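The values are calculated or read from the model by the stated rules, or taken from the named source; none is laboratory data. If you're wondering where the values come from, they're calculated on a predicted model, not measured in any experiment. Cβ placement follows ideal geometry from the backbone for every residue including glycine, while neighbour counts extend to all protein chains displayed. Areas reflect the complete protein model, heavy atoms only, side chains present, ligands, DNA and RNA absent. Shrake-Rupley method; radii C 1.70, N 1.55, O 1.52, S 1.80 Å.
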Amino acid sequence: MHAVTLSLPPVEKALKVYESLLEIPNVERAVLTGEASERTLHLWYSQVSVASATRTAALKSFRLSPAVPNDTLPPTPLNSHVKYVSYSSDGQAAAHFVALDKPGSTRRYIEAWRAGVKHVVPVTHGTWHTDLTFGPPTWNASGDKLLYVAEDHDPNPDEYTYIPDFGESYRDARRPCIFCLDLTTRTVTRLVTGGKEKGMNFVQPQWVEDNGRAIKIVATGWTRLGNDAQLGVAYCTNRPSEVYLLSVEGEAVQVTRLSADGRSARTPHVSPSGQVIYLSNAEGGPHDSCAQLHSYDLKTGADRTLVPIQRDVRSDGFAGLYLHWLPEQPFTTVGGLEWLACPSVSRCRKVCLLISLSSGEVMDVRRFVDDTVARSGIESYDVLAASADGIVILSVSSPSTPWQIIQIDLAGTPPVERGVLTRGIEDAIGTGLAWQTWLIFLQANEALAGIDFAIKPMHALGPGQMILISPCPISELGGKQMPIILYPHGGPHGTDSTSFNAALATLALAGFLIVLPAYPGSTGFGQDYIESLLPPALGTAEVDGTLASLDALRQMGLPVSPERTLLVGSSHGGFIGAHAAGRYPGVFAGMVLINPTINYLPMIHSTDIPDVISSSSGVPYPYSDPPHSFTPEDYSTLYRCSPMASAHKARTPTLLLLGADDGRVSPEQGKMWYHALKKNGVEAELLIFPRNRHVLNGTVEAQLVSVQRTVEFCVSHVATPES
């Protein structure tokens, strides 16, 4: 193919490429339906239009039958009134959740089809909750009943009464309840109540049995604290929650707890053989940690740990389970044995794991992927869906390659990858585009091919690693005066991976070497590495661990100088940056802080995760008896952990990007740092994005402007990047 170019300066060209990368569709969900002879893969897309600053949704389907392999059906745009589409596993039943908004009210109903017959069933409850946090709708075996979660209908609505919500990203969730759609009677019934009067909400329902007269389901029960507080659930696996068996007959509900005390149990699924498979993490403590996988036998009552907590990285690379929820379709059968397919993290890679439900054996699916797809060997994977007869659908990407959808046939002899079904950058290029748009997409594809990436050790941190993303071959970096962006992740108990990220690719295309350090406390390196950030280490270990990546670069032979080194950090990554600015002035030429945590003292009263702020600082916050208030000593501890304690010494020019509706880290935190810098006479600029929360993706404008301003700020605060 002939090279294509646009006559633009490097930075403008990088930002133009970012606009095209932003328009690559996101795969929001995937479902397999039908048997092997008539199997269909359904992908739900969300796509941005930069020109109109809007998002649209579409459904794209692929026939995966042996007779017509990988036959792509035309994409179907989804009406904005259709909030969710659910298919039964045999593909014979479907339900559309429809909400028609009118001034002052919303009319909701379900359009359902079974055996060619359409049913329209009105509902009186509130908004539906359909993501993995609350549990996607699930059909019974006969395809005539559908379980789902929605906001309970309040017969006496009072807009002024306070009801705690589920925190950041889930402000509209206050009283989620389980409902059942019955196509035979064309009715919707609230199966299980919950909420303020009971102190518990049941979510994530899965069928166990339906004999027509009574039904049995398993579900997760989230418990409110003794002070009626509902802690935020986003990014947290340590919440008070248990797995229950619910037996429903008429209005009578028998509730039996299946999971053990002291574990944050959730996301139950019923295997083909009838075992209840679920995850659990330690209750309280770090907001994320290494998970256990359980198998509960409903006949004997035995709860078996299939995969225990992993303290460190095994010799085969397995570092434990790190995931919040199991996939919507996690089970497959190979050679008569049941396996669970799930995503996890192994050091700096996202991986797809196969776990035997009989022995607990763990395998990485990477071994079955063809080298034409997994060229570097360090790509990242996500599990989209699995079928009962050995098919697993994966998404694979890398810092230089947007997602590709592939299918693995585990039942083959040997197991084999069946090829790429679709690629993100191809799906972004539709028919009928103007030639200028074609040119930009083609240039984006060519530009990404020039990005190199690698995972390098940070020996000072034991198992710690860092990801490098470079605009030129990493093997040629030695001795080059490259401008460097240190980009610590948030959390603090999170991780970066080699998955594709459009913003990072754009920074690399603008000429920067991107460094993503897995500092102490990061997930994916074993539970011991997570606990290395327990009190009193917070505010020290992760800051010093982040700066250790600069020493690791020097050991590689790269010149590292303050005038060519910047830091970009979001959330706790911003906490690290602000700490470094106050404690190590002169290390960075500039910083971009995105919704940064600045001062724990006021934050503990405004965030949806006060327990995490408290316990990570060394201040007790027991769920069974949450504190009425904090002592002066507690407040002193919270302040000493915070970057604000050394704000008077900060001298680093800073750009702050804040979401106006952030429910986790109030925008007042970033404003506090802005005013501290101004008092110090330091260059500071602050942008606030309306209708955006903790992640700046609430509006297309925020996604576009935040990256544009980050690139422009970084370029303006270092010398011209070396070509």
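Quick notes on this one:
- Only one residue of Ala541, Asn281, Asn227 has its Cα farthest out toward the positive end of the dipole of the chain, where Lys and Arg carry +1 and Asp and Glu -1 on Cβ, and that residue is Ala541.
- Alpha-carbon Debye profile of the chain, log10 I(q)/I(0) at 0.05, 0.08, 0.11 Å⁻¹: -0.24, -0.64, -1.30
- Where Thr187, Thr133 fall by accessible area, highest first, once all protein chains stay in place (1.4 Å): Thr187, Thr133
- All aspartates and glutamates inside 20 Å of Lys480 as judged from Cα atoms, apart from same-chain residues fewer than 8 positions distant: Asp452, Asp551, Glu563, Glu722
- Label-point separation in nm, Ala388 to Ser46, each point 7 Å along Cα→Cβ: 3.2 nm
- Cβ-Cβ distance of Arg709 and Asp528, R₀ of 22 Å, FRET efficiency by 1/(1 + (r/R0)^6): the value works out to about 0.05.
- Placing pseudo-labels 7 Å out from each Cα toward the beta carbon at Val682 and Thr161 gives an inter-label distance of 4.8 nm.
- Cross-link reach is defined here as a Cα-Cα straight distance under 16 Å, omitting same-chain residues fewer than 8 places apart; for Lys216 the aspartates and glutamates meeting it are Asp144, Asp182, Glu249, Glu251, Asp297.
- Mean residue ellipticity at 222 nm, helices only, the chain: -5000 deg cm²/dmol; runs of at least 4 DSSP H residues each add -39,500 (n - 2.57), and the sum is divided by the number of residues.
- Along region 270-275 the Karplus relation, 6.51 cos²θ - 1.76 cosθ + 1.60 evaluated at θ = phi - 60°, assigns HN-Hα couplings of 9, 6, x, 8, x, 7 Hz to successive residues, with x for each Gly and Pro.
- Label point at Thr413 placed 7 Å out along Cα→Cβ; residues across region 312-345 whose backbone nitrogen lies under 16 Å: 334-337
- Computed log₁₀ I(q)/I(0) - Debye formula, equal Cα scatterers, no solvent, region 636-703, q 0.27 Å⁻¹: -1.10
- Each other residue within a Cβ distance under 15 Å of Ser624 adds +1 if Lys or Arg and -1 if Asp or Glu, for a net charge of -3.
- Annotation: amide H-H contacts under 5 Å for Tyr84 (H modelled 1.01 Å from N, sequence separation of 5 or more, or interchain): Phe97.
- Only protein heavy atoms count here; under a 1.4 Å probe, Tyr87 has an accessible surface of about 60 Å².
- Charge-dipole axis of the chain as Lys and Arg at +1 and Asp and Glu at -1 on Cβ define it, positive-most pick from Phe500, Val248, Val695: Val695
- Charged-residue dipole, Cβ positions (Lys, Arg, Asp, Glu), region 245-387 about Cα centre, Debye nearest 20: 340 debye
- Distance histogram for region 151-243 (every C-alpha pair counted, 10 angstrom bins, percent rounded to whole numbers): 14, 44, 30, 12, 0
- Accessible area (Å², 1.4 Å probe, nearest 10) - Val392: 0 Å²
- Out-of-range pairs (alpha-carbon distance over 31 Å; input Lys13/Lys456; Lys60/Lys350; Lys102/Lys671; Lys83/Lys299; Lys102/Lys145; Lys16/Lys350): Lys102/Lys671; Lys83/Lys299
- Potential extension, Ser606-Arg257 segment - 0.36 nm per residue separation minus Cα distance: 122.3 nm
- Sorted peptide list for 546-559, 462-475, criterion being average Cβ within 10 angstrom, highest first: 462-475, 546-559
- Computed over region 79-189: relative contact order in percent, which uses C-alpha pairs under 8 Å that are six or more apart: 19 percent
- Residues of region 516-554 with an amide N closer than 15 Å to a point placed 7 Å from the Cα of Arg640 along the Cα-to-Cβ direction: 535-541.
- Accessible area of Ser570 in the full protein assembly, 1.4 Å probe (Å², nearest 10): 40 Å²
- Taking Lys and Arg as +1 and Asp and Glu as -1, the other residues whose beta-carbon sits under 10 Å from that of Ser470 total -1.
- Surrounding net charge for Thr654, when Lys and Arg each add one and Asp and Glu each subtract one, Cβ distance under 9 Å: -2
- Each residue of region 448-459 was assigned a 3J(HN,Hα) from its phi angle through the Karplus expression (A = 6.51, B = -1.76, C = 1.60, θ = phi - 60°), giving 4, 4, x, 7, 10, 8, 7, 10, 10, x, 10, 4 Hz with x at Gly and Pro.
- The spacing between region 404-424 and region 533-583, judged by their C-alpha centroids, is 40 Å.
- Spin-label model, Ser37/Lys671: points 7 Å from Cα along the beta carbon direction are separated by 6.6 nm.
- Ranked by solvent-accessible area (1.4 Å probe, protein heavy atoms only, all chains present), the residues His675, His125, His96 order from largest to smallest as His675, His96, His125.
- Backbone N atoms of region 27-60 closer than 13 Å to the 7 Å Cα→Cβ label point of Asp131 belong to residues 28-29.
- Compactness of region 558-638 as Cα Rg over 2.2 N^0.38 Å, two decimals: 1.38
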